[in-house]
Amino acid sequence: MAAPRRRPTLARREARWGVLFLAPWLVGFLVFYAGPMVASLWLSFTDYDIVNPPRFVGLDNYRQMLADPMVARSLRNTVYYTVLHVPLTMAISLGLALLLNRVGRLSGFFRTVFYLPVMTPAVAVGILFLLLLNTQDGLVNGFLGWFGIDGPSWTTDPAWVMPGIVLMSLWSLGSTVVIYLAALQNVPRELHEAATVDGAGSWQRFRSVTLPMISGALFFTLIVNTIAALQMFTEVYTMFFGNQSTQQRFDADASTFYVIYLFQQAFQFLHMGFASALAWLLFLVILVITVVQLRLSKRWVYYESEES
Amino acid sequence: MARVRSVAVLAAVTLAVAGCGGVGGNDDSGGGGAAGKGAISTLGFSLPDEIATTRVETFKKAHPDIPVTITEGAFDEQQFLSAVASGNPPDLVYLNRKLIGTYAKQGSILPLDDCVAKQGIDMAQYRPAAKDEVTLDGKVYGIPEFYSVRVVYMNEAILREAGLTPDDVDLSDWAGLAALNAKLAKVEGGKLTRIGIDPKIPEFLPMWAKANGADLLAADGRTANLADPKVAEALRTGLSLIEDQGGWGAFKAFRDTFDFFGAQSPLAKNQIAVWPMEDWFLNVAGRETPDAELVVRPFVDRAGQPLTFASGSAWVVPKGAKNPDAACTFAKTMTATDTWYAAAKARADKRAADRTPFTGLYTGNVEADKRIFAELYRPSGNKRFDDAVATILSVQDKGFSLPASPAGAEFDKAWYDAVNRALSGGGDGSADLARGQREASAALNRAAG
């Protein structure tokens, strides 16, 4: 007599369904991410111009990266931008979210208003800010002029190019605002009430209740915004490199982001092997920064599922 | 991340294709044979006006056995390279001639010498400066199309206000430029409100250098010459003109507000007095501001001899094109004297119907231009514009171009970056040119190796 067939446990069945639902993503990941990543790793050891077969050159591309001053410069520009952009985006977004959280019935309207700029195509944002940041007739310097401030040359003075780009980047912080707002609305009211009963003021409640309770959201946006900042491309490319005339009229040293340099090497100069090596360096930089952030997060991020 | 990914995706696709026998594993010969057959497609070309549509129609009538698909839009290097890499390129690509050297060296476009020989394309009909740009190591890689030259535009109203006449504007006298500029430029309340002389650098540095007897790139397209003291002197001249008008930040900010395409152009608004610019602006000015007090003169070297920096587009046949012979037939027809003439006639008729002046058509084909101006062009009666047309015509054979180079794109970036660094950083630019020379030489050496 055959042994009765054991019915799969609930956990196993759930796991099967989980894998099934994940399958499209897994296939997409393998075909469109993992495969090309392996290919680009191989290409980073070759001299390759798309048309002719790759020629193995060992570590030449990596050696060239060390010798090329624009690699270091573009990386420095990108890190500089990230260091300015990420904390500013998080701080301003949190401020706006706190305000929106108090608005009440009109919250939906304002949430939409703050999110709308995110819908603006990145190319349009680049062109728009090229006009807004015009030294002589731009609205930004016009605004500063009301306060008697002689605005800087945002697009031509190498010292002010990056702050101008950071200013532009703040246009699209709607996504971060929405995430913070959702997190704020999930903070249990009774915690605030308990803190109030204990005599906590608004600042103490913010520091000791609100911030810990939304630390998960803060951490998520820190990671996501950092990665996006390190890969900044479209808006800056549109502003300073988008067509022949813009590319020819700006100081490339101050505005060349790492991915822009990578793109130039790949598609303008046809150095696909070198560009692949650049891509891998960026991948490693992002990986290291993300791992460090993950490690540090254990000290300040609170998840409700964790036992306190 | 999208761009990073795109490199990887493209790489993977290309590897897959390479594994299947290589991109364009078919015949690599450069298109030849008599008039080709079969359907063809183009990339980088559009049909915005009668000059384009008339010529395409002329081809269709002459070669009904060659169906043409025009994929409209500007040339996109990613699109082009992806198409070549995937082994499915268009049969023809329309691009800026200065890109040809890089693609020729790479092998993504085919030499057309066989096509030229077999289809009897008369290369002598094209202007020498245009031929230089499409020829690398003695091989022809493109069939030249338009031919754009640079001339000096002046606003006589501003000159008069400064007590000057057009004859007082002598761009051969570099020592006198600062004084002339000071009379023409205007600064109000600390803001630049009128440019006196715009040297148009970085883009026109090759013309200023040539005027001083120096070429940025040797004729073989392989030797950079950015550290030449004559180039440095040309750059210093441009830099000092800009410095005298408030420096690069203020100068560029003011210039960025200009709209040269409309009725509110800086010419109409008296915002600029003297500036070198491409010939197309005359067409716009004739249409939008016919009453402007415009005077056009040739750009001159330091001996006062006319010269002009020429550029334009060309047709090339990518590696792996399915019908290179038919593609060659198309390029030949599109740039033939009769075809250009038909297109110019269509424009002249349209302008006559619109009651606006026909200011001619400037092509890379010498014979076509001769016929168009002899048979179709009629002076408009507006002396300023008629004289301007005569000036532009007079410099057509004074043109030079940067020769095709196997590292053309990188060479361009090197000298543009050098000038931009000088503009942004102050100083006389010699250190920036020295760095540009190092970068350009490294790129050219890599391309040669």
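The values are calculated or read from the model by the stated rules, or taken from the named source; none is laboratory data. Model, not experiment: these values are computed from the prediction. Glycine gets a Cβ as well: all are built from the backbone with ideal geometry, and neighbour counts include every protein chain shown.
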So in the stretch A:258-285, with the set limited to residues that are over 15 Å from A:S40 (Cα atoms) and either more than 9 Å from chain B (Cβ to nearest Cβ) or among the polar types (S, T, N, Q) (or both), which one is surrounded by the fewest Cβ atoms within 10 Å (Cβ to Cβ)? A:V285
If B:K269 satisfies all but one of (1) assigned to a helix (DSSP H, G or I); (2) closer than 28 Å to A:N141 by Cα, what's the number of the condition it fails? (1)
Would you pick out the residues in the stretch B:296-324 that are buried (at least 21 other Cβ atoms within 10 Å of the Cβ), among the aliphatic types (A, V, I, L, M) and within 27 Å of B:W208 (Cβ to Cβ)? B:V296, B:A310, B:A314
Matching residues in the stretch B:271-310 - criterion: being of a type in the set (S, T, N, Q) and at pLDDT below 95: B:N283, B:T289
Take residues that are within 14 Å of chain A (Cβ to nearest Cβ) and tell me which of the helices (runs of 4 or more DSSP H) falling wholly in the stretch B:149-236 contain 2 or more. B:205-211
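Scanning the stretch B:244-261 for residues that are within 21 Å of the chain's Cα centre (by Cα) and outside any helix (DSSP H, G or I), which turns out nearest to the other protein chains (Cβ to nearest Cβ)? First the steps, then the outcome.
Step one: of the stretch B:244-261, the residues within 21 Å of the chain's Cα centre (by Cα) are B:255-256, B:258-261.
With outside any helix (DSSP H, G or I) added as a condition, the list becomes B:256, B:258-261.
Numbers: B:D256: 6, B:F258: 11, B:D259: 12, B:F260: 11, B:F261: 13 Å.
Once the filter is applied, the top-ranked residue is B:D256.
It is to be established whether one or more residues within the stretch B:375-396 are among the aromatic types (F, W, Y) and either under 30 Å from B:E243 (Cα atoms) or in contact with a Gly (Cβ under 6 Å, 6 or more places away or on another chain) (or both).
yes
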Pull up the stretch B:356-371, narrow it to residues that are surrounded by fewer than 22 Cβ atoms within 10 Å (Cβ to Cβ) and in contact (Cβ under 8 Å) with a residue 40 or more places away in the chain, then point me to the one that is nearest to B:V296 (Cα to Cα). B:T356
In the stretch A:28-44, anything closer than 16 Å to A:L262 by Cα and at pLDDT below 95 is listed as A:M37
Unique match (being assigned to a helix (DSSP H, G or I), modelled with pLDDT under 90 and within 14 Å of chain B (Cβ to nearest Cβ)) among A:T246, A:T290: A:T246
Does A:T155 count as within 14 Å of another protein chain (Cβ to nearest Cβ) and of a type in the set (S, T, N, Q)? yes
Run down A:Y237, A:Y180 and say which single residue is within 30 Å of A:R73 (Cα to Cα), in contact with a helix residue (DSSP H, G or I) (Cβ under 8 Å, 6 or more places away or on another chain) and either modelled with pLDDT under 90 or of a type outside the set (D, E) (or both). A:Y237
The condition from (1) closer than 25 Å to A:G108 by Cβ; (2) in contact (Cβ under 8 Å) with a residue 12 or more places away in the chain that A:M232 misses is numbered (1)
Checking A:D47 against (1) in contact (Cβ under 8 Å) with a residue 60 or more places away in the chain; (2) within 11 Å of chain B (Cβ to nearest Cβ); (3) crowded, with 21+ Cβ neighbours inside 10 Å, the condition it does not meet: (3)
So, of the residues in the stretch A:219-235 that are away from chain B (no Cβ under 12 Å) and hydrophobic (A, V, I, L, M, F, W, C), which turns out to be farthest from the chain's Cα centre (by Cα)? A:F219
Single condition B:P48 does not satisfy, out of (1) touching a residue at least 12 places away in the same chain (Cβ under 8 Å); (2) surrounded by fewer than 23 Cβ atoms within 10 Å (Cβ to Cβ): (1)
Go through the stretch B:200-214 and give me each residue that's touching a Pro at 6+ places or on another chain (Cβ under 8 Å) and surrounded by fewer than 24 Cβ atoms within 10 Å (Cβ to Cβ). B:K200, B:F204, B:M207
Restricting to the stretch B:397-414, what's the tally of residues that are more than 14 Å from every other protein chain (Cβ to nearest Cβ) and surrounded by 20 or more Cβ atoms within 10 Å (Cβ to Cβ)? 4
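May I ask you to verify whether B:Y377 is over 24 Å from B:Y94 (Cα atoms) and in contact (Cβ under 8 Å) with a residue 24 or more places away in the chain?
So B:Y377 passes the test.
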Would you please name the residue that is farthest from B:F309 (Cα to Cα), looking only at residues in the stretch B:88-115 that are more than 10 Å from chain A (Cβ to nearest Cβ) and surrounded by fewer than 20 Cβ atoms within 10 Å (Cβ to Cβ)? B:N88
So, B:R222, is that one in contact with an Asp or Glu (Cβ under 8 Å, 6 or more places away or on another chain) and either at positive phi or of a type outside the set (D, E) (or both) or not? no
Looking for something part of a helix (DSSP H, G or I) and at pLDDT 95 or above - is there at least one such residue anywhere in the stretch A:200-212? no
Go through the stretch A:138-152 and give me each residue that's part of a loop (DSSP other than H, G, I, E, B) and either surrounded by 14 or more Cβ atoms within 10 Å (Cβ to Cβ) or more than 13 Å from every other protein chain (Cβ to nearest Cβ) (or both). A:G138, A:F147, A:G148, A:I149, A:G151, A:P152
Just checking, does the stretch A:156-164 include any residue being modelled with pLDDT under 90, surrounded by fewer than 18 Cβ atoms within 10 Å (Cβ to Cβ) and assigned to a helix (DSSP H, G or I)? yes
Among (1) closer than 25 Å to B:K98 by Cβ; (2) more than 14 Å from chain A (Cβ to nearest Cβ), B:K383 falls short only on (1)
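Applying the selection to the stretch B:179-199, what residues are touching a strand residue (DSSP E or B) at 6+ places or on another chain (Cβ under 9 Å) and surrounded by fewer than 19 Cβ atoms within 10 Å (Cβ to Cβ)?
Of everything in the stretch B:179-199, those that are touching a strand residue (DSSP E or B) at 6+ places or on another chain (Cβ under 9 Å) and surrounded by fewer than 19 Cβ atoms within 10 Å (Cβ to Cβ) turn out to be B:A182, B:K183, B:K186, B:V187, B:E188, B:T193.
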Quick test for you: out of A:L133, A:L128, pick the one residue that is hydrophobic (A, V, I, L, M, F, W, C) and buried (at least 20 other Cβ atoms within 10 Å of the Cβ). A:L133
